[in-house]
1. Does PHE148 count as within 21 Å of the chain's Cα centre (by Cα) and assigned by TED's automatic domain parsing to the domain that holds LEU124?
2. Out of the stretch 1-34, which residues are in contact with a Phe, Trp or Tyr (Cβ under 9 Å, 6 or more places away or on another chain), among the aromatic types (Phe, Trp, Tyr) and under 22 Å from ALA61 (Cα atoms)?
3. Can you give me the number of residues within the stretch 162-186 that are outside any helix (DSSP H, G or I) and either of a type outside the set (Asp, Glu) or surrounded by 11 or more Cβ atoms within 10 Å (Cβ to Cβ) (or both)?
4. Which residues, counting only those in the stretch 144-185, are β-branched (Val, Ile, Thr) and under 22 Å from ARG117 (Cα atoms)?
5. Pick from the stretch 10-24 the residues that are closer than 30 Å to ARG109 by Cα and exposed (fewer than 13 other Cβ atoms within 10 Å of the Cβ): which of them is modelled with the lowest pLDDT?
6. Pairs needed: first member in the stretch 1-25, within 13 Å of GLU45 (Cα to Cα) and assigned to a helix (DSSP H, G or I); second member anywhere, among the polar types (S, T, N, Q) and modelled with pLDDT under 90; C-beta distance under 9 Å; at least 6 residues apart or different chains.
7. Can you find even one residue in the stretch 150-161 that is modelled with pLDDT under 80 and assigned to a helix (DSSP H, G or I)?
Amino acid sequence: MKDLYKILGIEKTATQEEIKKAYFKMAKKYHPDAVDKNEIQKFYEVAEAYQILSNTEERRAYDLSFGGGKIEKILVDEVPEHPTIFKNEGTNADADAYRIKEMRSFKRRILLQGIFRVIGFSLLMSVFGFALSFILEGILYVGLICGFVVGFLWSINSNFDIESFIESQKKRRIIKLCGLILLIGCVGYFGILIIFRILNL
C-alpha cells in the first residue's frame, strides 16, 4: 500500500488539524477542474489518504500495519457495519463496502503478524533455553520450557497491549503477577545453573 502520509505531504506525527489542512491544500491543487486529466488520479489518492488518516481507528490500523507497535484490542475487533452500506445506491455504497473490507483485511493481518511474532520468538527462545541448559548441564526439558516461557512473556508484552484486552483491573494485576512469578522462576533456573557451574569450576 502507498505511503498515505507522503501523499498528503505530512509527517507521521501530524495532528488531525494538520491532516485536514494538508488535505484541503492537496485537494485544491489536484482538483479535476484545475489539473490535466493525467493528474486526476492524484486527487483520488489524496481523498483516499484523508479518508483513512482522518479516522482515528483506521489510522491506527494503518500505522500498525506499516510502522510497527503494540496491537490493541480495538485493532482486532470486528469492524462495525457502516450505516450507509447497501442503503445508498451507486458509488458511495461500493466505496464504503470496499473500505470496510480493507479494514477487516488490515485487522486480520495485524493480528496474524502479532501471533506469528510471538510464536516465532517463543520457539527461538525455547531452543536457546535448551542449548543453555545443555551447556550448563541442567535438565534439558526444563531449559526448553523456561526458554519458551521467557520468550512468550517478553514477546506478548512487546507485540500486544494486554491491558486493552482485559477490562478488569483486578484480572490485569493477577495476570501481571503470574507473569512476573513465571519470569522470575525461569530466569532464576538459569541463574542457579550458572552459579553451580561457577562453583564447580
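1. Values: within 21 Å of the chain's Cα centre (by Cα): no; assigned by TED's automatic domain parsing to the domain that holds LEU124: yes.
Spelling it out, it is not the case that PHE148 is within 21 Å of the chain's Cα centre (by Cα) and assigned by TED's automatic domain parsing to the domain that holds LEU124.
2. TYR23
3. Residues in the stretch 162-186 being outside any helix (DSSP H, G or I) and either of a type outside the set (Asp, Glu) or surrounded by 11 or more Cβ atoms within 10 Å (Cβ to Cβ) (or both): 2 in total.
4. Of the residues in the stretch 144-185, the ones β-branched (Val, Ile, Thr) are 145, 149-150, 156, 162, 166, 174-175, 181, 184.
If the condition is that a residue be β-branched (Val, Ile, Thr) and under 22 Å from ARG117 (Cα atoms), then ILE145, VAL149, VAL150, ILE156, ILE162, ILE166, ILE175 are the ones that fit.
5. THR13
6. Filtered contacts from the stretch 1-25: TYR23/SER54.
7. Yes; the residues of the stretch 150-161 include at least one that is modelled with pLDDT under 80 and assigned to a helix (DSSP H, G or I).
Quick grid of which residues meet (1) touching a Lys or Arg at 6+ places or on another chain (Cβ under 6 Å); (2) farther than 18 Å from ILE7 by Cβ; (3) of a type in the set (Phe, Trp, Tyr); (4) modelled with pLDDT under 80:
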| residue | (1), (2), (3), (4) |
| --- | --- |
| MET26 | no, no, no, no |
| GLN41 | no, no, no, yes |
| VAL46 | no, no, no, no |
| ALA49 | no, no, no, no |
| PHE66 | no, no, yes, yes |
| ASP77 | no, yes, no, yes |
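The values are calculated or read from the model by the stated rules, or taken from the named source; none is laboratory data. All figures in this text were calculated on a predicted structure; none of them were measured in a lab. Every residue, glycine among them, receives a Cβ derived from its backbone with ideal geometry; neighbour counts consider all protein chains shown.
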